[in-house]
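Structure first, commentary second.
The values are calculated or read from the model by the stated rules, or taken from the named source; none is laboratory data. What you are looking at is a predicted structure, and each value in this text was computed from that prediction instead of being measured. Cβ atoms come from the backbone with ideal geometry, glycine included; neighbour counts cover every protein chain shown. The area values use the complete protein model at the heavy-atom level, side chains included, leaving out ligands, DNA and RNA. Shrake-Rupley method; radii C 1.70, N 1.55, O 1.52, S 1.80 Å.
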Amino acid sequence: MNITVIGTGYLGAVHAACMAQIGHDVLGVDTDAEKRNLLAQGGVPFFEPGLGEMLNRMVQSRALRFSASLAEAAEFGEVHFICVGTPQLSGSFAADTSSVEAVIKDLAPLLMRDCLVVGKSTVPVGTAARMASRLARLAPAGSGAELAWNPEFLREGYAVRDTLEPDRVVAGVTSARSDAILRSVYAPILAAGTPYIATDLQTAELVKMAANAFLATKISFINAMADVCAAADADIVTLARALGHDSRIGHRGMAAGLGFGGGCLPKDLRALLVRGDELGVGESLRILREVERINAGRRVQTIEIATNLAGGSWTDRNAAVLGASFKPQTDDVRESPALAVAAEIAAAGARVRVHDPRAADNARALHPELEYAPDVEKACTDADIVLHLTEWSEYREIDPVGLRGVVRQPVLLDARNVLPLDHWQAAGWTVSGLGIQAGKRSGYGLGPADRKELD
Ligand code: NAD
């Protein structure tokens, strides 16, 4: 099929490349000329494992092209996927849906032929119905131009696999024709046994918001338990592991630590709270306010523990920060807990040197006041404290004996609770985690197999 993908950021670039990979002819459209030109040359403007090679192959084969022109898209496409951003509105918890609205406003008058416009962006429930009536009003193709909503559940870091082998496809549709078109778009994926759930527009929108709210709740729950463990001298890592073996609970999203961030979970949680209030069911969502509060508290707690470990003041203190992205395997620093902590202690007077294997450039753009080091050793040289804030797997391979030789004080705070602290302790480090009382235990650490369960 001829498919357009409008908005080629983290979601859209992956979606466009994957649609080409499964056999469609794809045209990507983005208003950002720099991004578009790089993509058109087969380059990827962000780090996503496995994407570069596939996207380049699709561009070389001409199955994937890029353009600035919605008119070209309207002429070319049988299916138009909308993948533009829906960030948090500044000064409010609500979602800013203006980019989605702009695409509908600009694209609809150009739609002369029968087609399906498919929203993939995450939007507050009710947005799709509004967009559907706007499309019906503006499209010259009339009822031949329909709207569907097909939310996306991919995880950055696993985006290619999640797109090609999703857990499910959710299709918000208003006609058998839209349903049939979406089934044929995803035919190779559905043939592999992927569940396909057809529903109305509003349920489809809400599935996405509810999924993110649930994931956030799971993370905040285990973080609340981390506080209980710390107070009771129990071990949150073992507790999470044991809990996860219950098949009703599962291991994923059960890693206690610095909490969640990123371009999706926080803003989607807040947008759902706002929408709940608008719908008069704010009380029912009160749990999500606690989820947000617990998550914000993780940063505060990390800073408090770090400040104590640094001797109560950051004056003349050097802090090494390991990790800047909001989670490993991505260079995305939107609402990164690691960067928030780094910026806060720098503001309190510390000299902060940050290392991240992939996200240093994005971090520097957001926080130019911090220093950035090209490797772990340089970040840690003369450090009074090492803060492990994003759990890149390579940090688990650090040799604590060697690193001890470069720091000023061998003090480690593992705010992700994944480092083999027994090794660090044996190498002479003072170690702390979140949900663990420092020095009260002989050590812990997760092996790669355990991490796999938790990712
Ligand atoms: P992003 O900011 O990386 O990408 C958005 C892109 O849209 C940008 O390249 C921007 O230039 C482009 N754009 C904006 N207005 C445009 C317009 N009028 N016409 C054409 N292009 C336009 O954002 P993202 O992370 O890709 O997220 C996009 C949507 O997908 C959001 O609603 C997000 O919540 C949802 N989502 C994201 C992920 C993820 O992991 N990033 C996962 C699932 C869902």
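Pairs exceeding 28 Å between alpha-carbon atoms, taken from K35/K218; K105/K327; K35/K327; K267/K378; K218/K378: K35/K218; K105/K327; K267/K378; K218/K378. With the convex hull drawn over the C-alpha atoms of the chain, the volume per residue is 144 Å³.
Shown are K378, K120, K327, whose ranking by accessible area with a 1.4 Å probe and every protein chain present, most to least, is K378, K327, K120. Considering the options A13, A171, A343, tell which one lies farthest towards the positive end of the dipole of the chain, charges being +1 on Lys and Arg and -1 on Asp and Glu at the Cβ, about the Cα centre. Going by the Cα projections, it comes out as A171. Measuring between their Cα centroids, the range 257-336 and the range 215-229 lie 12 Å from each other.
Only Lys, Arg, Asp and Glu carry charge here, each on its Cβ (+1 for the first two, -1 for the last two); on that basis the chain has a dipole of about 420 debye about its Cα centre. At 222 nm, what helix-only mean residue ellipticity would the chain give, in deg cm²/dmol to the nearest 500, using -39500 (n - 2.57) for each DSSP H run of four or more? Helix contribution divided over all residues of the chain: -13000 deg cm²/dmol. Within a Cβ distance under 11 Å of A94, other residues only, what is the Lys/Arg minus Asp/Glu net charge? Counting the neighbours of A94, the net charge comes to 0.
Between S98 and R286, what length in nm is gained on full extension when 0.36 nm per residue of separation is reduced by their alpha carbon distance?
Working: separation 188, 0.36 × 188 = 67.68 nm, distance 2.71 nm.
Full extension from S98 to R286 adds 65.0 nm.
Counting other C-beta atoms within 10 Å, and keeping those with at most 12, which DSSP coil trypsin sites (Lys or Arg not before Pro) do you find in the range 138-247?
Values: sites: R155, R161, R168, R177, R183, K208, K218, R241; in loops: R155, R168.
Sites meeting the loop and neighbour criteria: R168.
Projected onto their three principal axes, the Cα atoms of the range 99-209 cover extents of 37, 25, 22 Å, largest first.
If R0 equals 30 Å, the separation of the Cβ atoms of Q202 and S143 corresponds to a calculated FRET efficiency of about 0.90.
Kindly give the semi-axes, whole Å and largest first, of the ellipsoid equivalent to the range 37-132, taking each as the square root of 5 times a Cα gyration tensor eigenvalue.
Working: eigenvalues 137, 82, 24 Å².
Working from the Cα gyration tensor, I get semi-axes of 26, 20, 11 Å.
Basic side chains Lys and Arg get +1 at the Cβ, acidic Asp and Glu get -1 at the Cβ, and with that the dipole of the range 244-293 about its Cα centre reaches some 120 debye. With the charge dipole of the chain set up from +1 on Lys and Arg Cβ and -1 on Asp and Glu Cβ about the Cα centre, the Cα lying farthest toward the positive end among the listed residues G193, L370, H80 is that of G193. Annotation: the antiparallel percentage among DSSP beta bridges lying fully within the chain is about 5. Taking every alpha-carbon pair within the range 2-199, the share separated by more than 23 Å comes to 39 percent. Per the 1.4 Å probe, what fraction of the accessible area of the chain, in percent, lies on carbon and sulfur atoms? Reported share for carbon and sulfur atoms: 53 percent. The string of couplings for the range 361-368 from the Karplus curve (6.51, -1.76, 1.60, θ = phi - 60°) is 5, 5, 5, 4, 4, 8, 10, x Hz, one whole number per residue in order, with x for Gly and Pro. Derived value for the range 187-299: Kirkwood hydrodynamic radius 15.8 Å. Basis is the mean of 1/r over every pair of different alpha-carbon atoms. The residues of the chain expose on average 41 square angstrom of accessible surface per residue, using a 1.4 Å probe on protein heavy atoms.
If you rank D179, D361, D382 by how much accessible surface each has, with a 1.4 Å probe, what is the order from largest down? The partial results should precede the final answer.
Numbers: D179 30, D361 110, D382 75 Å².
If we order D179, D361, D382 from most to least accessible, we get D361, D382, D179.
Rounded to the nearest 20 Debye, what is the dipole magnitude of the range 226-454 about its Cα centre when Lys and Arg each give +1 and Asp and Glu each give -1 at the C-beta?
Numbers: 27 positive and 32 negative charges, 48 e Å.
The calculation lands at about 220 debye.
Taking θ as phi - 60° and the Karplus parameters 6.51, -1.76 and 1.60, the scalar couplings of the range 404-409 work out to 4, x, 9, 7, 8, 10 Hz in sequence order, x denoting glycine and proline.
The orientation-averaged projection of the convex hull spanning the C-alpha atoms of the range 226-454 amounts to 13.0 square nanometres.
Amide H to amide H, with H built 1.01 Å from N, L27 comes under 5 Å of I3, T4, V5, R65, counting only residues 5 or more places away or on other chains. Per-residue extension of 0.36 nm, minus the Cα-Cα distance of L279 and R183, leaves a gain of 31.4 nm for this segment.
Near P140: Cβ cut-off under 12 Å, other residues only, Lys/Arg at +1 and Asp/Glu at -1. The net charge is +1.
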